[in-house]
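**Student:** Pasting a structure here, questions to come.
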Amino acid sequence: MINTQRLSDEFARLAAIASPSYREGAISAYLQERFRRLGGEVVMDDAGPRAGSQSGNLVVRFPASGKDVEPLMLSVHMDTVEPADGVVPVLEDGVFTSAGETVLGADDKAGIAEIIEALEVVREKNIPRGPIEVVLTICEEVGLLGAKLLDPSLLRSRRGLALDTSGVDLAICRAPSANKLRFEISGRESHAGIAPEKGVSAIVVAARAMAAMRLGRIDEQTTANIGTIHGGQATNIVPKRVVVEGEARSHDPERLVRQTAHMIACFEEAAETLALVVDGEMVRPEVLCEVVSEYPVMDVPESASILVLLREASAGLGRTLEVKGAGGGSDANIFNGHGIETVILGTGMSHVHSVQESVRVDDLVRVAELLVEVIRRA
Ligand code: ZN
Ligand code: CA
């Protein structure tokens, strides 16, 4: 049923169009034309200028054709990580890789090609289907910017699939929420050799805070990390300022709150402990904490209609669908946050975010087949 050559050609064409985050202009232009040719009505939102990208998000609407059912959303992202300029897709023994200097961009173009092929087949075979909304986001790889800026009122779907993970016949229904944390510690500057007792070292405050902090895997559902530290000027100056950045993630929103509070408390306790009297004046290091919620938790229940549909489609093809949780956030977290029950579907991409990235043509075909079945049964 799947036209393997057409699917493989489409993937190669998409891969060859450079589309690192913020520079989605060319791929967006191509996809607008491509989806119009498929009969879709293409809308671009205003996320482009707001995110600083060459393109906005695209919403492509396919009105129902022969079937009156709830709409189905299929989402993918248009951007890739770098190095992304001058991608040369190489097909050898049924496996696509880049020529070696760049990523392949199968993350997420495998998903885009699979959706296009599925829609081609559904049209070709006149398979009755309900309304479909294809959402193509920008800047997923730099913090889900496009999905966050997308106006959810543009979408009518209450259920969807986000094609954006490795593996095939694999669905992800749980993902944690995450907080980004930034701590700016201000101490007091002083000459380290002449008057060290007049200084309060911001680096020592940070060190003490982090030494007391629970980090890494906190429990089954929660992780935390300090990722960057910047500060200090010279070895002979007691450092006045240091900036520490980290994150916390959890599948349980309450535990995320608890871990975040713990990390903040460690800095505040360290500042308290290291306060000292200089020239009769109490100097307490200052800690400025910034917490930004990166994405809400995703937790699609077994009973959700999208998961039931996906399981049925998979079983209908004689396959076993693996359903599990994941450790990272993606556009699907944002869609779920808007009340669109969205499951992440494996696209076959492999070794993503590296120049060894690859995808097998057989897997592209396998996922496109599953999509056709999902659309048919939706
Ligand atoms: Zn991706
Ligand atoms: Ca990615």
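The values are calculated or read from the model by the stated rules, or taken from the named source; none is laboratory data. Keep in mind it's a predicted model, so treat the numbers as computed, not measured. Neighbour counts run over all protein chains shown; Cβ positions are idealised from the backbone, glycine included. Side chains included, ligands, DNA and RNA excluded: accessible areas come from the protein's heavy atoms. Shrake-Rupley method; radii C 1.70, N 1.55, O 1.52, S 1.80 Å.
**Student:** Select from segment 137-153 the residues that are away from ligand 2 (no atom under 15 Å from the Cβ) and either open to solvent by less than 40 Å² (accessible area, probe 1.4 Å) or touching a residue at least 12 places away in the same chain (Cβ under 8 Å) (or both) and list them in ascending order.
**Tutor:** Across segment 137-153, the qualifying residues are Lys148, Leu149, Leu150, Asp151, Pro152.
**Student:** Test each condition in (1) open to solvent by 10 Å² or more (accessible area, probe 1.4 Å); (2) touching a helix residue (DSSP H, G or I) at 6+ places or on another chain (Cβ under 6 Å) for Pro131 and report the one that comes out false.
**Tutor:** Result: Pro131 passes all but (2).
**Student:** Kindly establish whether Arg156 is away from ligand 2 (no atom under 16 Å from the Cβ) and outside any loop (DSSP other than H, G, I, E, B).
**Tutor:** Considered against the rule, which asks whether it is away from ligand 2 (no atom under 16 Å from the Cβ) and outside any loop (DSSP other than H, G, I, E, B), Arg156 comes out as no.
**Student:** Follow-up. Find the residue count for segment 26-39, including only residues that are of a type outside the set (D, E, K, R), within 17 Å of Asp108 (Cα to Cα) and touching a helix residue (DSSP H, G or I) at 6+ places or on another chain (Cβ under 9 Å).
**Tutor:** Count: 5.
Quick grid of which residues meet (1) outside the structural domain of Ser19 (by TED's automatic domain parsing); (2) away from ligand 1 (no atom under 16 Å from the Cβ); (3) in contact with a strand residue (DSSP E or B) (Cβ under 8 Å, 6 or more places away or on another chain):
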residue: Arg129; (1), (2), (3): no, yes, yes
residue: Glu133; (1), (2), (3): no, yes, yes
residue: Ile138; (1), (2), (3): no, no, yes
residue: Leu145; (1), (2), (3): no, no, no
residue: Arg156; (1), (2), (3): no, yes, yes
residue: Ala162; (1), (2), (3): no, no, yes
residue: Thr165; (1), (2), (3): no, no, yes
residue: Leu170; (1), (2), (3): no, no, yes
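**Student:** Identify, by number, the condition in (1) open to solvent by less than 50 Å² (accessible area, probe 1.4 Å); (2) not in a loop (DSSP other than H, G, I, E, B) that Leu91 doesn't meet.
**Tutor:** (1)
**Student:** Right, another one. On the given criteria, is Ser98 among the polar types (S, T, N, Q) and within 30 Å of Val308 (Cα to Cα)? Working first, answer last.
**Tutor:** Working: among the polar types (S, T, N, Q): yes; within 30 Å of Val308 (Cα to Cα): no.
Answer is no for this residue.
**Student:** Something else about it: Can you spot a residue in segment 40-62 that is in a helix (DSSP H, G or I), out of contact with any helix residue (DSSP H, G or I) (no Cβ under 8 Å at 6 or more places or on another chain) and either open to solvent by 40 Å² or more (accessible area, probe 1.4 Å) or of a type outside the set (Asp, Glu) (or both)?
**Tutor:** Yes, some residue in segment 40-62 is in a helix (DSSP H, G or I), out of contact with any helix residue (DSSP H, G or I) (no Cβ under 8 Å at 6 or more places or on another chain) and either open to solvent by 40 Å² or more (accessible area, probe 1.4 Å) or of a type outside the set (Asp, Glu) (or both).
**Student:** Looking at the structure I just gave you, is Ile112 within 14 Å of ligand 1 (Cβ to nearest atom), under 21 Å from Arg366 (Cα atoms) and either crowded, with 19+ Cβ neighbours inside 10 Å or touching a residue at least 12 places away in the same chain (Cβ under 8 Å) (or both)? It would help to see each step written out before you state the result.
**Tutor:** Values: within 14 Å of ligand 1 (Cβ to nearest atom): yes; under 21 Å from Arg366 (Cα atoms): yes; either crowded, with 19+ Cβ neighbours inside 10 Å or touching a residue at least 12 places away in the same chain (Cβ under 8 Å) (or both): yes.
Against the criterion (within 14 Å of ligand 1 (Cβ to nearest atom), under 21 Å from Arg366 (Cα atoms) and either crowded, with 19+ Cβ neighbours inside 10 Å or touching a residue at least 12 places away in the same chain (Cβ under 8 Å) (or both)), Ile112 qualifies.
**Student:** Residue by residue through segment 68-85, note down the ones that are more than 16 Å from ligand 2 (Cβ to nearest atom) and either at pLDDT below 95 or surrounded by 21 or more Cβ atoms within 10 Å (Cβ to Cβ) (or both).
**Tutor:** Leu72, Met73, Leu74
**Student:** Could I ask something else about it? Exactly one of these conditions fails for Ala12: (1) open to solvent by 60 Å² or more (accessible area, probe 1.4 Å); (2) of a type outside the set (S, T, N, Q); (3) within 28 Å of Val88 (Cβ to Cβ). Give me its number.
**Tutor:** Answer for Ala12: the failing condition is (1).
**Student:** Looking at segment 61-75, is at least one residue among the acidic types (Asp, Glu) and more than 16 Å from ligand 1 (Cβ to nearest atom)?
**Tutor:** yes
**Student:** Just checking, which of Leu181, Leu215, Leu163, Leu119 is at pLDDT 95 or above and within 16 Å of ligand 2 (Cβ to nearest atom)?
**Tutor:** Leu163
**Student:** Still on this model: Could you name every one of the helices (runs of 4 or more DSSP H) located completely within segment 280-378 that has at least 3 residues being surrounded by fewer than 17 Cβ atoms within 10 Å (Cβ to Cβ)?
**Tutor:** In segment 280-378, 305-316 are the helices (runs of 4 or more DSSP H) which contain 3 or more residues that are surrounded by fewer than 17 Cβ atoms within 10 Å (Cβ to Cβ).
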